[in-house]
Every structure is written in C-alpha cells, then in structure tokens.
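Following this message is one structure expressed as structure tokens.
Values quoted throughout were computed directly from the atomic coordinates according to the rules given, and no laboratory measurement underlies them. Only a predicted model underlies this, so the values are computations on that prediction, with no experimental measurement involved. Here the Cβ is made from the backbone with ideal geometry for all residues, glycine too, and neighbour counts use every protein chain on show.
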Amino acid sequence: MSLPPGFLDELRTRTSLSQVVGRKVMWDQRKSNQGKGDMWAPCPFHQEKSASFHVDDRKGFYYCFGCHAKGDAVSFIRETENVGFMEAIEILAREAGMPMPAPDPQAQAKTDRRAQLAAVVEQAVQFYRLQLQTGAGAEARAYLDRRKLPQASRDRFELGFAPDNRHALWNHLKSKGIAPDLILASGLAATPDGGGEPYDRFRGRIIFPIRDARGRAISLGGRAMDPNARAKYLNGPETELFDKGRSLYNHGPAREAAGKGKPLIVAEGYMDTIALVEAGFTAAVAPLGTAITEDQLRLMWRIAPEPIIALDGDNAGLKAAMRVIDVALPLLEAGQSLRFCLLPQGQDPDDLIRAQGAPAMQRLLDEAVPMVTLLWRRETEGRDFDSPERKAALDKTLRATLTLIKDPSIRGHYGEAIKQLRWDLFGTRRPGPNQSPNAPRPQGARKKGEWKPPILPALQSTKNSLLAGAPDDRVTEHLREAIILATLAVHPRLIHRFESALERIDFTSRDHDRLRSALLRHADAANFREKIYEDAGQALETLFSLPHVLIAPPVRNTEDAELATMCLAEDLAKLEAGRGVLKEIRDAAEDLDGLADEGVTWRLSQATDARNRAGRTSNEDAADLGEDRAALSRALQNLIDTQTWVKKKG
C-alpha cells in the first residue's frame, strides 16, 4: 500500500517522539529539558545504567551515544514492537487520530466487513470467558487446575468455556443485536445440512481465542472435555477473517518478545505454547491445526531469522518436522533457516516443563540441531547401505533434495555439510588380515571403526602462490559490494546504466540484497532517498556507517558522476573476476575429494594467475597513461562501453 503525498509529514508533525519513547523508558530528570524537547534516558536497545539515549523532540529524532541506535518515531516503533513499516505507520496514525488512507472503495468495504467480523468474534471471546467462571465451567476449571495453569495465565490467554448447549452463543449474540449472517460468516455457528436453526460450532470445550499480529480476535480454538469427542481439538473454519495457513497462535506477543531478544519457538498446539510462555519462553507460537505452511514460515522469519521447531517427541511429531524441511528448503536465504529441538519420546513441551521445569526445556533448546542434520537423519535412519547401489540411491535422493534450494550459496554449503556427513558414514575400512582390531588407530583416524586418510602436504608451488596468502575472499567481496551499493545510492542516475550487472550479483548478505532491490525499484522515483530509506533504512544506515565506504572516492565526491562511473566499472570487474577464481577453486575441490594432486594444484595456480592478471590490468593501463586524466577517462569509458556488465542501449 502506498501512502498519499504529505501523509508521513503530517503524521510526524502530529506525533510527539518523546511521548512515543516515554512509554518504553524512564526519563533522566536531571539531564532532560522538557521545555526545549531535549530528553535523556537509559537506552531501551541495550543494557545500561547511564542516560546516553537522547531524544530531540523538536526535530523528531533519537540517537544513542552508546549503541548508536538512531531514527524517528516510525523506526522506534518498528524496533521496539518488532513490526513492519506499514504496521508502525498504522500504530502511530491510530495514536495521532489520523485515519489510514483507503486505497479504493472496494478495499475499504472489505476492511469494514473484516472489522465487523472481528467485533463479533470478540463478543464471543468475552461470552466464553464469563462461562468459564459459572457452574457449567467447573469441570473445565478442574482440568486447568490439573494442568497447573494458574488464574493469571488463564486471564493472560483469555481462556473460556463453551457450554454443551447448541444455541448458547447464538442466542447471546442475537440478543446483542448482531445479525445472523455475521455470526455465520465469523465461523462461530453453522447451519445443519438438512436446514433448520443454526447451532454453535463450539460445545463442551475449553476455548482458546486466536488473534492476529495486531491483536484482533479472528477465530477460536476449542479442546473437548469429552474424551470420546470426534476431535480432541477443533479450530474455527476458514472465513473472510481467518486463514489457518496464514495465522499463528500467540503471534503478536511472540513478535514483541522476539524483538527483545527472546528465541522464537514453534510448538504444536495451544497448551504447549501457553506452557512455554509461562516458563519464560515468551516468544512461542503454534500453527493452527495444519502442517506448517510456506506463509507461516514467512511469518516466522519476519519475527526471527532462525525459529526453533519444538514438536512432540513421538513419531507424529518427528514426521511433522520432516515435512517442514521440504516446505522450508526452497525458501531458505542467507541467515534465514530453522533449527529443530528434539524432545524425548512421548513428551511435548508442556509435559517436559511440568515434569522437569524450565531448565530442562532450556537445555533441549540449547541443543537444537540445524536443518541439515535432520535432513540427513531422514534419508539415512534405519537404512542399510551395504552395497554400491544403495549408496548411489542415497546420493541420487540427496542430490534431488538439494536442488530444491534456490539460493546457490546455501545449496553449496548444504552440499559441503552432507559430504562431511557422508564421509562420516562411509569413510571406514576393515582391519587388514595382519592387523588386530584392537591395534592403535592409524594417523588420521577419527573414532573407532572410522578412518580418514591423512592430509597430504600441499606442493611448494601452491604454498608460494598469491592465492594462498590472500585475505578472506568473502570479506573482500562484501566490502566491494558495499562500495558498489553506496556509490549507486549516492549517484542514482547510474543505476540504469549498471542495472544488468547489479541484477547478476549474488550478494553475500540479506542487507545487500534488500538494498539492491530498493535501488532497482526506486531508481526513477522523485523522492529517491525517502523511498530507499522506507524499504531498507536499517541496511542503508549500516552501509554508510562503514569507514571504508565513507572514504571511497565516488561516495565522497557526490557531484563527480564520471569518477563514480569509472569506479563502478572497476569494482564490478574485480568482483566478477574474483568470483570466477572462487568458482574454479570450488570446481577443483569437487575433484579433489579429500586428496591433493598435481593436477588440482596446477588448476589453482592457473586461477591465481588469472586473478593477478585481472588485478594488474587496470593498474598497468593507468601507469601507461600517466597523469593524463582525459586519456584515463577515455580508456575507462571504452572499457565500460565494451564490457558485459554494462547494460546496452537500444
């Protein structure tokens, strides 16, 4: 959704930053001067006792002299509430009494309809909460007592009880003047197949309200009190308001807790989530009666980059975890993955916490395994690989699985991890005919029954190569990417010229990816800087806080487009040449398979020479041209016009 011109300016004018921040901090009265809008407090973003967090209420900006956090009211809401840009705008607009602009009449009508349905569900939540306190709810209260759920927790999660009566809620809502079609559309009641008066969907069940990220009641879940009920747990049906595959139980509170540093834990159901929260693991969520979907994974990753999946320790829980892997693999990005907490057989988080307490749960969370470990376990556990054919079948299955990963860097790292696991499984040999099984293990042995060939020393020519003594290429690449992005941010007119090269770069970080998308999307925008900041403000601030970026000539010389063009061409050429070398090394390593040989050493030396030639080319050309700036400009311009990294006209 785009905001109309002037909306953000008016919102900032109406918003008092000190009031927004004041809800999260205690002002230092000695340092603060409220009359001048000069406010000081301990920083809410890092632990400290001194008041180093400064708010300039008149300018509408904050800055911490300790951790260097900075921004305006929008960024403060985003960071402290862990919400997106538009959600932060909605929060501030609501507090300022400004209506959010409606994109069109149809969208407004849909929004109004959803608001009506949410109000109906909210009425049901309050009705069922009252019913839990009546005589009819005695059995439900006794059940919650047995689960050791205190009253404070019941209030926190707004638990209720649906009487075993077909029309209790229906009659209550009608008495409140709510139209029957709204009750049916909210999913709280259903019409019999043969016709007749609608009946309550939830009867004889403990009720768990389901709220969206903004806290609106969107549906209900219920646990049957009757052990013979057809379904132990029942969720509301799909409605205009509620989509099971795009919702998470306890979404809003978990997002806020994760924003304060708590790990995001994904449990299987309502009671597990409540048990985790009450044990101090406040960033806990659960899917709603379905296997985890792509949309739910994306919701989780917006909350935290590496959620921990803590499903029940039985076969069903393990199978559910395995299904999550197939859903997650195509969606993986750098720094965005899953870990799995494997619970003891027959236990769920609620059982474990009640039996052994929060420390036992924490120990298991600390031991959570990466997704590649569970993937390997799925393909190998309980299987025998005693023949070449069976080993080949495993290789084929693993290759097919890895092709699901779209990100080439992650796919490569998964391949390396699986290669190591494969060696651990197959890299064994039997004792020789003259060797005792109890004889000392040979050099390179890893553990009993497994032997690894000793690493052969590299040839002297390889040791002496420039490549062997070079700094970490990933660091170098990251720094070069940063200068390229900063140059384009300062010189947006060059974005179209270098568009093709920018699109082809496989960036080393999500921040760089985000900045690339923002630059390409808003290259022609009149308010270019504002748009870039809206899309990738934090990434942009991080970029321009790097010393090597600030001293780069094209960044310091904001008016010299010619210099920027030359520098971009050179940096892109070096980046492309450097990555060509790394690809050659990776290809050679595939052939290496644990042993060094002269052929591979020769390939590495050839790759080194290629990189050296690429690095020398521009330097030698510049030396030949001497100090003639015009000649240098013409030479580089010719290089730019003939290279593939420049987008051709026409």
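For a quick check of your reading of the filter: which GluC sites (Glu not before Pro) in the range 527-578 sit in a DSSP loop and have no more than 14 other Cβ atoms within 10 Å?
Here the GluC sites (Glu not before Pro) that fit, given the DSSP loop and packing criteria, are Glu559.
Moving to a separate point now. Looking at the range 22-110, which chymotrypsin sites (Phe, Trp or Tyr not before Pro) are in a loop (DSSP not H, G, I, E or B) and have at most 15 other Cβ atoms within 10 Å?
Counting only loop positions with at most 15 other Cβ atoms within 10 Å, the chymotrypsin sites (Phe, Trp or Tyr not before Pro) in the range 22-110 are Phe65.
Return the long-range amide H neighbours of Asp28 (sequence gap of 5 or more, or a different chain), with a cut-off of under 5 Å between placed amide H atoms.
Amide H neighbours of Asp28: Trp40, Ala41.
Something else about it: Once the mean 1/r over all distinct Cα pairs of the range 298-398 is inverted, what Kirkwood radius in angstroms do you read off?
Here the Kirkwood hydrodynamic radius works out to 15.1 Å.
Continuing with this model, one more query. Charges only on Cβ, +1 for Lys and Arg, -1 for Asp and Glu: so what's the dipole of the range 7-96 about the Cα centre, in debye to the nearest 20?
320
So who's got an amide H within less than 5 Å of the one on Ile210, skipping anything under 5 residues away but keeping other chains? H placed 1.01 Å off N, in plane.
Excluding prolines and chain starts, which carry no amide H, the hits are Ile218, Ser219, Leu220, Gly221.
Still on this structure, please answer the following. Within the P(r) computed for the range 106-242, what percentage of the Cα pairs occupies the region above 24 Å?
28
Now for a different question. If a/c stays under 1.5 just call it rounded; otherwise compare a/b with b/c (prolate if a/b is bigger, oblate if not). Do that for the range 7-96, with a ≥ b ≥ c from the square roots of the Cα gyration tensor eigenvalues.
oblate
Next question, about the same structure. What net charge is computed for the residues neighbouring Arg246, neighbours being all others with C-beta under 11 Å from the C-beta of Arg246, Lys and Arg scored +1, Asp and Glu -1?
-3
Moving on to the next point. Which value, in debye to the nearest 20, describes the size of the charge dipole of the range 3-57 about its Cα centre when Lys and Arg Cβ atoms bear +1, Asp and Glu Cβ atoms bear -1, and nothing else is charged?
My answer is approximately 220 debye.
Taking N as the number of residues in the range 485-541, what is its Cα Rg relative to 2.2 N^0.38 Å?
1.01
Still on this model: Hey, got a sec? Which trypsin sites (Lys or Arg not before Pro) in the range 3-102 land in a DSSP loop and have at most 11 other Cβ atoms within 10 Å?
Arg23, Arg30, Lys49, Arg58, Lys59
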